[in-house]
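Asker: I'd like to ask some things about the structure below.
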Amino acid sequence: MTKKIVITGIGATSPLGGNAQDTWSGLLAGESGASTLDYPWVEETQIPITFAAQARVKPSEVLERHETKRLDPSSQFALIAGREAWADAGSPEVDPERLAVDWSTGIGGVWTLLDAWDTLRERGPRRVLPMTVPMLMPNGPGAAIGMDLHARAGIRTVVSACASSTEALANAYDHLQRGLADIVIAGGSEAAIHPLPIASFAAMQALSKRNDDPKTASRPYDVSRDGFVLGEGAAALVVETEEHALARGARIYAELLGGTVTSDAYHITAPDPEGSAAARAMLTTLQNAGVSLSEVSHINAHATSTPVGDIAEYNALRRVFGDLLDGIPVSATKASTGHLLGGAGAIEALFTVKALHERVAPPTINLTEQDPAIALDVVTSPRALGTGSLTAISNSFGFGGHNAVIAFRSV
């Protein structure tokens, strides 16, 4: 029998705020988390892009010193978001054997890895920290949460580029349906605002070049969009069976209807311009959930602000919804947060859950002239979503041709 799976806790640290509520409030207020980078390495390395969307609150302001010393920034962000989500869910009493973690990252401990390489070259092998490998490994963030909360039903890490944390949430749904846990902490984190990833993304012409105006640089669907803005942070959601949530008297934000993962097998970085596999991920998600196309009330789009990516996603959406798409409000929230890579799907899932819970679609900022080739109903100021049952999807697509889609329903 199919179980009803629900969201009972949320947590975040992002370019808009140090917790979930501040992040959501900043999003609704139309804020941008992008700013000029003020580090010596910007001038030292002569990187061509000098701005990014940095976490609003530094982990050192939240965590104990021993935690920041022994965890890569990607794990620090994860621990902050995971702890907040757990507390928001009421810090439930659960058998550790029935508590799992489904986490994700796109890149992992890049700061640890490259700092250790510098140490090796400049000071020799004896000065390389013994914690280097545990800190740099991609499963480090999920492990940090799992050890902090004593999760013994499994700690799984997905690494599928920018689709990672949406896939992690789809996995959480599946693991609960299979009875492998009663509660799962799911989400993703990223901390890649480092000169090497910036230089690499810039070399492939993926980043916006608006060094003179960072706050308006991320502009999904605009005719003048020229690339994404690199962001950092984490988001976590506590996911459990409705039966378990009701038994402990938990507050429920929304129902998780499931998710689907497909692949383009088209190009390592470019999306399939026809969007056929992305469309199949959306359709399969809705079909498996028993949701008709006409029931979809809101879409949180992947919408990175790249010229080819935005149009490819639009083609996929139009392939799925046809003329129905004209009446569905679409939010492109990376305009505010930047692109959190492996953490993007998690923060956008949180936004989708909040949109359904508060019945308001968040705005897409910086859209001054919409691309006529992208005929979407883009939400540019907070918009009421109405009464009754609401269903929404959140899309994530990543390098390697990864497509991940999840769906939620209001409660």
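The values are calculated or read from the model by the stated rules, or taken from the named source; none is laboratory data. These numbers were taken from a predicted model, which means no experiment stands behind them. Cβ placement follows ideal geometry from the backbone for every residue including glycine, while neighbour counts extend to all protein chains displayed. Heads up: the accessible areas ignore ligands, DNA and RNA and are worked out on the full protein's heavy atoms, side chains in. Shrake-Rupley method; radii C 1.70, N 1.55, O 1.52, S 1.80 Å.
Asker: Throw me the Rg/Rh for the range 1-124, computed over C-alpha atoms with Kirkwood Rh, two decimals. Mind dumping the intermediate values first?
Answerer: Numbers: Rg = 18.1 Å, Rh = 17.3 Å.
That ratio is 1.04, to two decimals.
Asker: A further question follows. Quick one: grab Rg to one decimal and Dmax as a whole number for the chain, Cα atoms only, in Å.
Answerer: Spelled out, the Cα radius of gyration and Dmax of the chain are 19.9, 64 Å.
Asker: In addition: If we restrict to alpha carbons, what Rg and Dmax does the range 164-235 come to, in Å?
Answerer: Cα-based Rg and Dmax for the range 164-235 come out at 17.2, 52 Å.
Asker: Quickly rank 371-381, 1-11 as a protection proxy: mean count of other C-beta atoms within 10 Å, highest first.
Answerer: In decreasing order of mean packing, 371-381, 1-11 become 1-11, 371-381.
Asker: Using every alpha carbon pair in the range 195-321, what percent of pairs falls into each 10 Å bin from 0 up to the bin containing the largest distance?
Answerer: Each 10 Å bin holds this share of Cα pairs: 11, 30, 32, 20, 8, 0.
Asker: Hey, another quick one. Run the Debye formula on the Cα coordinates of the range 263-411, all scatterers equal and no solvent, and tell me log10 I(q)/I(0) at q = 0.09, 0.15, 0.17 1/Å.
Answerer: -0.24, -0.70, -0.92
Asker: Using only the alpha carbon atoms of the range 83-223, find the Kirkwood hydrodynamic radius as the inverse mean reciprocal pair distance, in angstroms to one decimal. Display every interim value, and only then the final one.
Answerer: On the way: mean 1/r = 0.0573 Å⁻¹.
So the Kirkwood estimate lands at 17.5 Å.
Asker: Between the alpha-carbon centers of the range 329-355 and the range 1-75, tell me the distance in whole angstrom.
Answerer: 13 Å
Asker: Where does the charge balance sit around Gly17 when Lys and Arg score +1, Asp and Glu -1, over other residues with C-beta under 10 Å from its C-beta?
Answerer: Working: positive: Arg56; negative: Asp22, Glu31.
Once all neighbours under 10 Å are counted, the net charge is -1.
Asker: Based solely on its DSSP helices, what 222 nm [θ] is calculated for the chain when runs of n ≥ 4 H residues each add -39,500 (n - 2.57) and the sum is averaged over all residues, nearest 500 deg cm²/dmol? Display every interim value, and only then the final one.
Answerer: Numbers: 14 runs with 142 residues, N = 411.
My calculation for the chain gives -10000 deg cm²/dmol from helical runs alone.
Asker: At 1.4 Å probe size, with no ligands or nucleic acids counted, give the accessible surface of Leu129 in Å², nearest ten.
Answerer: 110 Å²
Asker: If you don't mind, there's one more thing I want to ask. Ignoring ligands, DNA and RNA, what percent of the 1.4 Å accessible area of the chain is carbon and sulfur?
Answerer: 52 percent
Asker: Which order do Thr269, Thr36, Thr285 take by accessible area at a 1.4 Å probe, largest first?
Answerer: So the residues, ranked largest to smallest area, are Thr36, Thr269, Thr285.
Asker: Can you list the aspartates and glutamates whose alpha carbon is less than 16 Å from that of Lys58, not counting same-chain residues fewer than 8 positions off?
Answerer: Partners found: Asp22, Asp38, Glu67, Asp72, Glu84, Glu190, Glu232.
Asker: Using Cα-Cα distances under 8 Å and only pairs 6 or more residues apart, what relative contact order does the range 128-188 have, in percent?
Answerer: 24 percent
Asker: Count the net charge of all other residues whose Cβ sits under 14 Å from the Cβ of Thr368, scoring Lys and Arg as +1 and Asp and Glu as -1.
Answerer: -1
Asker: When only the heavy atoms of the protein chains count and the probe is 1.4 Å, how do Arg178, Arg56 rank by accessible area, highest first?
Answerer: Largest accessible area first, the residues go Arg178, Arg56.
Asker: Moving on. Please work out the average accessible area per residue across the chain, using the 1.4 Å probe convention, and give it in Å².
Answerer: Averaged over the residues of the chain, the accessible area is 38 Å².
Asker: What does the net charge come to around Leu256 if you take all other residues with beta carbon closer than 13 Å to its beta carbon, with K and R at +1 and D and E at -1?
Answerer: -2
Asker: Can you give the Kirkwood hydrodynamic radius for the range 39-80, in Å, rounded to one decimal and based on Cα pairs? Show your work: numbers first, answer last.
Answerer: Working: mean 1/r = 0.0834 Å⁻¹.
For the range 39-80, inverting the mean 1/r across all distinct Cα pairs yields 12.0 Å.
Asker: In the full protein assembly as shown, how much of Val223 is accessible to a 1.4 Å probe, in Å² to the nearest 10?
Answerer: 70 Å²
Asker: Do you know the relative contact order of the range 131-240, to the nearest whole percent, from alpha carbon pairs under 8 angstrom that are 6+ apart?
Answerer: Relative contact order of the range 131-240: 26 percent.
Asker: Oh, and also: Among the DSSP beta bridges whose two residues both lie in the chain, what percent are antiparallel, rounded to the nearest 5?
Answerer: About 70 percent, rounded to the nearest 5.
Asker: Among the aspartates and glutamates, select those whose C-alpha is under 17 Å from the C-alpha of Lys4, and discard any that sit fewer than 8 residues away in the same chain.
Answerer: Asp174, Asp182, Glu240, Glu242, Glu243, Glu255
Asker: Report, please, the projected area of the range 99-150 averaged over directions, based on the convex hull of its C-alpha atoms, in nm².
Answerer: Here the figure is 3.8 nm², rounded to one decimal.
Asker: While we're on this one: What order do His66, His175 take when sorted by accessible area (1.4 Å probe), most exposed first? Working shown, then result.
Answerer: Numbers: His66 115, His175 20 Å².
The most accessible residue leads, giving His66, His175.
Asker: Taking a 26 Å limit on the Cα-Cα distance, which of the listed pairs Lys334/Lys354; Lys69/Lys334; Lys69/Lys215; Lys3/Lys354; Lys69/Lys209 fall beyond it?
Answerer: Too far apart for the 26 Å limit: Lys69/Lys334; Lys69/Lys215; Lys69/Lys209.
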